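Okay, so here's the structure we're looking at.
The values are calculated or read from the model by the stated rules, or taken from the named source; none is laboratory data. Model, not experiment: these values are computed from the prediction. Heads up, the Cβs are rebuilt from the backbone with ideal geometry, glycines too, and the neighbour counts pull from every protein chain shown.
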Amino acid sequence: MTFPPLREELRGIEPYGAPQLDVPVQLNVNENPYGPSPEAAADIARAVGRAAASLNRYPDREFTELREGLAAYLNSSGGHGITPEMVWAANGSNEVMLQLLQAFGGPGRCALSFAPTYSMYPEYARDAMTEWVVGRREEDFSLDLDAARKLVLERRPTIVLLPSPNNPTGTALPPEAVSALCEAAASYEPGGLVVVDEAYGEFRRAGTPSALELLPRHRNLVVTRTMSKAFALAGARLGYLAADPAIGDAIRVVRLPYHLSAVTQATAVAALRHAPELLGRVEDLRVERDLTVAWLRDQGLEVPDSDSNFALFGRFPDRHAVWQRLLDRGVLIRETGPQGWLRVSIGTPEEMTAFRHALTDVMKEQA
């Protein structure tokens, strides 16, 4: 007998996870390098302390105060008329995505995206026993809208996953592409949701719109966000979405009881009180990103335009060798994306200087 009796399709699969190595410069998981200020940290600690006094009771399963705060924030961040009833939250945008697949995927249904894209998407589909269908992006990582629409109409997915900015490429989708795919997904039975994953939405360049602006036009549009990146709360695990209230009602059927702890809710509500301060570093990271993209291009490397807090760069005949040599110099980046490409998260100016020096040395060795 084989033990344990794992599902056959899971046998031999390595669990998801980026390397967690103790090195001086860690630029591999797109974290915000600037933590909360002492004032914000103290406010969060006080809020958690108040929550701790009633941890013998279950938390507010509707997380009412948090939804009110998130709705207000989204309306100040590209949204229009978003109400608390349109907001749902969970333990990171990962759980939000999984809940969407649990509610709207399942046997006999499929989810669709366009590669290269976030490596967890097919895992969400697998875990929800949903067929995974993947189209391809263009050579410059843009979307061929005609081909994308054709694939949606052909396969009739109940969920279309569109990260914008895309991970690992950093590229954003134009609003007309989102609208066209929403219309395509609404044209067949039972219809499909178009989920625009804006985990890095706050880092988009000036003039790049948010899909939040399209919510009033498309009932089947879902926009997801996270507090892990721009809010520097990766350790708090809080993701959320904005959509038609009926979508949140459907998710309630599959969510685990009291899925969002009182501590998580208190942390997120307190962080929202400090939104201007926490988001103040976003512009610093945008500037550092643009400097990094320009520098990488000056080295003769290919770099797609980035609206995120990272840059994809290449192409290397042996990217693993480059990754390892950077690691040997104390700089950890991510070996991800298409063959030949690497991804660097944007850190502090000092960290990016260390990255540039290390990469310069490595490229000289390979010349």
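Things worth noting here:
- Residue in region 45-53 that is touching a residue at least 40 places away in the same chain (Cβ under 8 Å) and closer than 30 Å to Arg286 by Cα present: no
- Some residue of region 245-255 being part of a loop (DSSP other than H, G, I, E, B) and either out of contact with any Pro (no Cβ under 9 Å at 6 or more places or on another chain) or of a type in the set (Lys, Arg) (or both): yes
- No other residue among Ser76, Ser93, Ser37, Ser54 is among the hydroxyl-bearing types (Ser, Thr, Tyr) and touching a strand residue (DSSP E or B) at 6+ places or on another chain (Cβ under 8 Å) apart from Ser93.
- Within region 29-42, the set of residues being closer than 14 Å to Arg273 by Cα and either under 26 Å from the mean Cα position of the chain (by Cα) or crowded, with 20+ Cβ neighbours inside 10 Å (or both) comprises Pro36, Ser37, Ala40, Ala41.
- Sole exception among (1) surrounded by 20 or more Cβ atoms within 10 Å (Cβ to Cβ); (2) out of contact with any Gly (no Cβ under 9 Å at 6 or more places or on another chain); (3) on the phi > 0 side of the Ramachandran plot for Gly106, by number: (1)
- Residue in region 29-43 that is assigned to a strand (DSSP E or B) and either of a type in the set (D, E, K, R) or in the same structural domain as Arg225 (by TED's automatic domain parsing) (or both) present: no
- Helices (runs of 4 or more DSSP H) fully within region 115-217 counting 2 or more residues that are over 19 Å from the mean Cα position of the chain (by Cα): 145-155, 175-185
- Pairs linking a residue in region 344-367 that is in contact (Cβ under 8 Å) with a residue 24 or more places away in the chain to a residue that is among the aromatic types (Phe, Trp, Tyr) and surrounded by 21 or more Cβ atoms within 10 Å (Cβ to Cβ), with Cβ atoms under 8 Å and 6 or more positions apart or on different chains, are Val344/Phe310; Val344/Phe313; Val344/Phe355; Ser345/Phe310; Ile346/Phe310; Gly347/Phe355.
- Some residue of region 16-32 being modelled with pLDDT of 95 or more and of a type in the set (D, E, K, R): yes
- All positions within region 64-103 that are touching a helix residue (DSSP H, G or I) at 6+ places or on another chain (Cβ under 6 Å) and at positive phi: Gly78
- The residues in region 322-367 that are buried (at least 21 other Cβ atoms within 10 Å of the Cβ), farther than 17 Å from Ser308 by Cβ and either among the acidic types (Asp, Glu) or touching an Asp or Glu at 6+ places or on another chain (Cβ under 8 Å) (or both) can be counted, and the count is 1.
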